[in-house]
Amino acid sequence: MSRVLRIELRRSAAVGSALGLAVIGSLALYFADGIMFSTGWMHLAMSQRLYLVLLWPLMLAAGAWQARREHRSNVSELFTSTPRPVAQRILPTLGALAIAAVAGYLVMGLAGAAWIFDTASYLPATVLVITVIGALALVAAAWLGLAIGRLLPSPVTAPIAGVTALGLLLALPMATESFRWLGLIISPMAEMNMPGDYATVPGRVSAAQSSWLVGLAATSVLLLVSRTSRSRVAAVLPVAAGLALSVVVIPHENRLVYDAVDPVARELVCAEGEPQVCLSRAHESLLPEVTAPAREALAVLKKLPGAPAQVHEDTYAYPDTYPEFRTDTVLLHVATNREGHLANRANVLTDVLTGAFSGPRTCETYPSSADQLAAAHWLMGTEPVAPEPEGLGRPDLGYAFEDVSVEATKVWQHLSALPEEEALSRVAALRQAAVQCKPAEGLLR
């Protein structure tokens with residue numbers, strides 16, 4: 001059997017399919033907007049699943065094209081007359097396409113891993129589960145394509161099957177808008193786009209998807225070996241049972257993956273030494289880039305009475321409530337750039353200083369961005385400038401910060417013209433207004 005499998009790997013569509021998956025998948029990852037998987041391994045696994053919208057139809061078409069081989073060779077009657085069981089005869093083809101699907105998907109993953117290998121640190125076991133289900137989806141697509149190609153051995157079957165599958169996958173989110181959980185079962189790429197930094201895929205979702213995909217693969221195999229209309233009807237039972245089990249397993253809620261948060265990814269990991277600087281486990285590899293400027297900012301803030309003494313990453317994630325506010329802690333927003341490094345590296349010092357003038361998120365009133373920026377730069381003894389667009393995470397918003405910096409410069413100039421003690425008093429009053437949720441307008445002017 002192993003010899004037959006090797007021959008099937010060489011002569012079937014397996015090698016071409018694997019290369020197609022690897023090339024198209026890798027290109028899709030690298031041309032993604034901003035390299036959306038640069039945050040870490042979870043984002044890479046979810047990005048791979050997202051691009052199944054391209055790979056799944058490709059593997060379906062490959063299976064359908066492969067199924068026409070016997071029809072093109074006019075050997076169907078010869079094979080039917082031999083005593084060899086049908087299941088035994090098709091097993092090498094099934095194995096070859098399954099190996100191709102898994103190999104191509106893994107090569108795509110390795111291409112993405114090479115990009116983030118030296119920057120991603122947090123690797124939860126869920127990543128492996130998400131990857132396995134993605135590979136299973138491609139195997140099911142290949143086997144379903146074989147079944148379709150056997151039932152409809154036409155030259156146009158493969159392209160029509162691929163295009164139809166692509167259209168269905170793109171239309172599925174809209175078709176299941178009122179029952180997103182159902183779309184999540186059927187489509188392995190549903191809700192995998194734009195994950196948060198602490199994203200995960202709940203275990204019950206993965207279990208439901210696995211049940212559906214295993215049932216689909218089993219039905220495809222039964223359709224391949226069936227010879228009568230009755231057996232073809234019976235072949236639908238596995239996929240129906242798999243879907244029914246999935247419906248029972250999955251929570252009947254919307255935004256199951258969008259709203260899922262990995263609590264371990266949000267746990268704080270602190271740099272050695274004092275003062276304390278802590279980032280989430282998902283961003284632990286960024287600690288060397290954050291620690292020095294964060295501690296420099298804390299040293300500057302010592303000029304203020306009751307100044308904060310530590311910096312923690314702001315690990316707020318929808319739909320959670322806001323984190324508890326502590327006057328001794330500055331919360332810092334952290335984001336990665338295309339290379340997986342700190343996006344706001346040039347602005348960490350300023351971000352920590354302005355964060356000291358931000359109060360609880362539940363406040364109805366808070367200091368303006370211009371006042372925060374002016375106070376921060378007065379403490380540093382430098383004139384306000386607009387943050388680098390890269391550090392904003394949204395280069396297109398740079399113009400908005402230009403306006404803030406212009407207003408902040410006017411406030412800073414007014415502060416700088418005051419005696420140092422009076423200016424310090426006003427800056428301290430601004431911080432107290434922020435932490436106590438009191439009006440801060442006019443305190444620096």
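List of remarks:
- Computed on the Cα atoms alone, the convex hull of the stretch 221-279 gives a volume of 134 cubic angstrom per residue.
- Computed [θ] at 222 nm, helices only, for the chain once each DSSP H run of length n ≥ 4 contributes -39500 (n - 2.57): -19000 deg cm²/dmol
- Rolling a 1.4 Å probe over the protein heavy atoms gives the stretch 265-311 an accessible area of 44 Å² per residue.
- Which of ALA171, LEU123, GLN88, positive extreme of dipole for the chain (C-beta unit charges): GLN88
- Quotient of the Cα radius of gyration of the stretch 197-328 and 2.2 N^0.38 Å, N being its number of residues: 1.80.
- Positive-end residue, the chain charge dipole about Cα centroid, Cβ charges, pick of MET46, ASN347, HIS414: MET46
- Rg/Rh for the stretch 1-59, where both radii come from Cα atoms and Rh is the Kirkwood radius: 1.14
- The chain has equivalent-ellipsoid semi-axes of 58, 20, 17 Å, by the square roots of 5 times the alpha carbon gyration tensor eigenvalues, sorted largest first.
- Highest average first, the peptides 345-352, 301-308 ordered by how many other beta carbon atoms sit within 10 Å of their residues are 345-352, 301-308.
- In the stretch 108-245, the portion of solvent-accessible area held by carbon and sulfur atoms comes to 77 percent [1.4 Å probe, whole percent, DNA, RNA and ligands not counted].
- Cα convex hull volume per residue for the stretch 173-259 (Å³): 95 Å³
- Mean Kyte hydropathy of 0.5 or more with a Cα span along the axis of at least 15 Å, helices from DSSP in the chain: 14-30, 52-67, 86-116, 126-151, 157-175, 203-225, 237-249, 287-301
- Lys, Arg +1 and Asp, Glu -1 on Cβ, resulting dipole of the chain about Cα centre, debye, nearest 20: 3160 debye
- In the chain, Cα pairs under 8 Å separated by at least six residues give a relative contact order of 14 percent.
- Surface composition of the stretch 13-54: carbon and sulfur make up 78 percent of the accessible area, probe 1.4 Å.
- Of all accessible heavy-atom area on the stretch 401-445, the percent that carbon and sulfur account for (1.4 Å): 53 percent
- Cβ crowding within 10 Å averaged over residues, with 246-256, 11-21 ranked highest first: 11-21, 246-256
- Taking all protein chains into account, the per residue accessible area for the stretch 100-186 stands at 46 Å² (1.4 Å probe).
- Lacking any other cysteine beta-carbon closer than 4.7 Å is a condition met by no Cys residue of the chain.
- Look at the Cα gyration tensor of the stretch 111-214: its axes a ≥ b ≥ c give a/c of at least 1.5 with a/b over b/c, and that counts as prolate.
The values are calculated or read from the model by the stated rules, or taken from the named source; none is laboratory data. Small disclaimer: the values here were computed from a predicted structure and weren't measured. No Cβ is skipped: glycine too gets one built from the backbone with ideal geometry, and neighbour counts run over all protein chains shown. Areas reflect the complete protein model, heavy atoms only, side chains present, ligands, DNA and RNA absent. Shrake-Rupley method; radii C 1.70, N 1.55, O 1.52, S 1.80 Å.
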